[in-house]
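Inspection log for the structure reproduced underneath, given as structure tokens.
The values are calculated or read from the model by the stated rules, or taken from the named source; none is laboratory data. Owing to the predicted nature of the structure, the values given are computational and were not obtained by experimental measurement. When we count neighbours, we look across all protein chains shown, and the Cβ atoms used for this are built from the backbone with ideal geometry, even at glycine. In case anyone asks, the SASA skips ligands and DNA or RNA and just uses the protein heavy atoms, side chains included. Shrake-Rupley method; radii C 1.70, N 1.55, O 1.52, S 1.80 Å.
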Amino acid sequence: MKNKLSYRGEVDALRALAILFVVLYHSRFTFNENILFKGGYIGVDVFFVISGYLISRLIFSEIHIQGKVDFLHFFNKRIRRIFPALIFLILSISPVAYIILMPQDFIEYCESVLSSLFFSSNIYFYFDQITYAAESSLLKPLLHTWSLGIEEQFYLILPFLVVLIFKLFNKKYLICLILLFSLSLLFAEYFTNINKNLSFYFLQNRLWEISIGAIIALFEVSNKKINFGNFKYSNDFGLALILFSFFYFDANTAHPGLITLIPTLGTALVLIKNENNQELIFKYLHVEIVKKIGVLSYSFYLWHFPILAFYRHKNIDENNLHITVLIFLSLAVSVFSYKFVEAPFRNIEMFGNKLFYNILIFLILIISTISILFITKSITYASNDKENVSYLLDKSRYRQEHLNFEVSYDYKLKNNKKETILIVGNSHAEDLLQILSFSDIQNNYEITLTSSEVREEDMNYQISCFEKLLFEEDTKCPSSVQGKDFEFGPNILNQYRNSKYILLATRWSVNDLKRLEKIIIKLVEDRKKVIIVSNSPESEVFGVKKLNIFDKFLIENKRLPIPSELLDLEKEFYAYYIKTQEDLNNEIKKIVYSFKSSDVRFADRTEFMCIFDEKRCLLYFYEFNAKIFWDYGHITKESSKIFADIIDSNNWINFIETMK
């Protein structure tokens, strides 16, 4: 006979609080263009502590009373709890996903369906390189199932772990849990500082949160009390810690890690029974409506995220009112899901094991088979237009091409008889390198980019780093990862010393211009021929997806623009360049011309990227089905080849011949 554990209203109150935090975080409400509720993600940490408490309480209670764990009963309850609502969600949203998502996005959706059904969403999204706090993550309809992956993996190991401790470690549960807590917390703190995504998504960095709940459950089942002395307000203090985290934490918080002890210990304070406890504030969370939201928390968690994701796919700009309506819609669907799916399938009298597992296995096989057919492209879209638009919108493909070029180019000088052109700058300098590598210029010159011999991904080199190289021979440059420097080593010194021509080609900022004159003077002193390259035109970006103007049209219309529409887009792009970037390019030009030297020249990228007589900047070439930009201002490999032909035909930097 299974023991019946007492109901605790605090648990449902905490669940309600946690799900509201998570929903508010994903909703991204704004006020005066500032995003609100940036710490709402700590709701998941609250859930982990609650889950650790509830599941451990079941296991410890069972082994305490019966001396063993009924594995079949345990897993049956977990499966009935998780899978019916999840499968109902997948069956409901998959047709919507097919209609709304682009083909490549739908294939990725199918991959996430499989990972969610087989306990591995957290692992899938880690290797898919999805940063949870990134805006682009809001477009993945099943991203939120990463936390289910963590919990499911925990469910798989906990009963075996408890039995192992029972048999091999003489029931030293507390010592083992404290050890598990300590090691996991150390892992989380360490990996958050070197690989935040890995720390965020993997079980070993989350077990400490679950262990907190397990330790509380162990004390409760063992009838051991945690003494609060005369402290009467443990629930309120715990609530204060949770609320502090909600309002204080943001995307820059070193989470998960030591700082995450604040909300998790706050949750623990609420869960620990305090006989002297008095509630001043927390008592207001015991109202019936709050508890009902707590009961609905799983279904609410499942439904809110894909509904918001589909909205964001269909709408470039978000609206607070629309988001509010969608939250209430999610809650309404959650009520339906709980009442007609979640609760009935948990009732073994209504759905016996044989019927339940026949239905479950059948549906998993059907969903998995269809997903695999789409992933392997055995089933394709009927619309060629949609396929082509999807191809053009596949940012991951363009980014991979960009990275492949970056890491495969040979940056070591060949010591041949060709004079060397050294391009100095960041990813926009890489774009110029790629263009020149396809052009006839590379027949006469050796062209390279400031780099170590072996280049890592996103190993950007900034003008501020070049200044330090010139004046201090400092070969390091900070990366985009906080606290990490890229070491460019002796190769960059060799590149500089053996290059006759220096092309400064970056995404120039006002701060860069402050040091430009000093850098040019030093380069001239070192007898270098200097070419300063302008900024390239950049598009205004739109919405959560940060779409450029061309991609925005593709998303909204699901087709290519006709020539007249493309002309309008290119004129709009040109007007944006004139409004936001031309002045900075003119400042660069003014600094260069102030030297009045044939050894210091200016090269304008807009000469081959824009047609000034027609007041337009290029966005797409019909004859090659090639768009120019894959994001706000980085160019595609296809357009690099086209621009190479253009600069060869219009002699873009042929003045280099006169600088000898």
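Each Lys and Arg Cβ is given +1 and each Asp and Glu Cβ -1; about its Cα centre, the range 41-147 then shows a dipole of about 560 debye. Most tightly packed first, judged by the mean number of other beta-carbon atoms within 10 Å of their residues, the peptides 434-447, 39-52 read 39-52, 434-447.
Taking a straight Cα-Cα cut-off under 22 Å and skipping sequence neighbours fewer than 8 places away in the same chain, the lysines within cross-link reach of residue 558 are 140, 314, 377, 386, 395, 545, 546, 571, 627. By the gyration tensor of its Cα atoms, with a ≥ b ≥ c the square roots of the eigenvalues, what is the shape of the chain: rounded for a/c under 1.5, prolate for a/b over b/c, or oblate? Prolate is the answer for the chain, as a/c is 1.5 or above and a/b outweighs b/c. The shape of the range 302-366 can be summarised by an equivalent ellipsoid whose semi-axes, obtained from the alpha carbon gyration tensor, come to 33, 15, 5 Å from longest to shortest.
Taking the longest Cα principal axis of the chain as reference, the axis of helix 320-337 is set at about 40 degrees. Relative contact order for the range 577-660: 19 percent, from Cα pairs under 8 Å spaced at least 6 residues apart, divided by residue count.
About its Cα centre, the dipole of the range 359-439 is roughly 200 debye, where the only charges are +1 on Lys and Arg Cβ and -1 on Asp and Glu Cβ. With all protein chains kept in place, the per residue accessible area of the range 1-118 amounts to 38 square angstrom at a probe of 1.4 angstrom.
At a Cβ-Cβ separation cutoff of 4.7 angstrom, cysteine residues of the chain with no neighbouring cysteine are 110, 176. Within the straight-line cut-off of under 16 Å between alpha carbons, the lysines reachable from residue 590 are 514, 518, sequence neighbours fewer than 8 places apart in one chain being disregarded.
Ordering 304, 594, 82 by the projection of their Cα atoms onto the charge dipole of the chain, which places +1 on the Cβ of Lys and Arg and -1 on the Cβ of Asp and Glu, puts 82 at the extreme positive end. On a per residue basis, the range 365-442 carries 48 Å² of accessible surface, using protein heavy atoms and a 1.4 Å probe.
Can you classify the range 1-146 as rounded, prolate or oblate using the Cα gyration tensor, where a ≥ b ≥ c are the square roots of its eigenvalues, rounded means a/c under 1.5, and otherwise it's prolate if a/b beats b/c and oblate if not? Oblate shape, in that a/c is at least 1.5 and b/c is the bigger or equal ratio. Computed over the chain, relative contact order equals 14 percent, with contacts defined as Cα pairs under 8 Å that lie 6+ residues apart. Derived value for the range 558-660: Kirkwood hydrodynamic radius 15.4 Å. Basis is the mean of 1/r over every pair of different alpha-carbon atoms. Under the criterion of Cα pairs below 8 Å and six or more residues apart, the relative contact order for the range 604-649 equals 26 percent. Residue 420 exposes around 10 Å² of accessible area when a 1.4 Å probe is run over every protein chain in place. DSSP beta bridges fully contained in the chain are about 40 percent antiparallel.
Working note: Cα atoms of the range 189-271, range along each principal axis, descending, whole Å: 41, 28, 14.
What a 1.4 Å probe finds exposed on the range 277-427 is 63% carbon and sulfur by accessible area, rounded to a whole percent.
Which value, in debye to the nearest 20, describes the size of the charge dipole of the chain about its Cα centre when Lys and Arg Cβ atoms bear +1, Asp and Glu Cβ atoms bear -1, and nothing else is charged?
With only Lys, Arg, Asp and Glu charged at Cβ, the dipole is about 2380 debye.
Could you please state, rounded to a whole Å, how far the C-alpha centre of the range 411-426 is from the C-alpha centre of the range 138-169? Comparing the Cα centres of the range 411-426 and the range 138-169, I get a distance of 53 Å. The residue list 71, 32, 18 was ranked by how far each Cα lies along the charge dipole of the range 1-159 toward its positive end, using unit charges on Cβ atoms, and 71 comes out on top.
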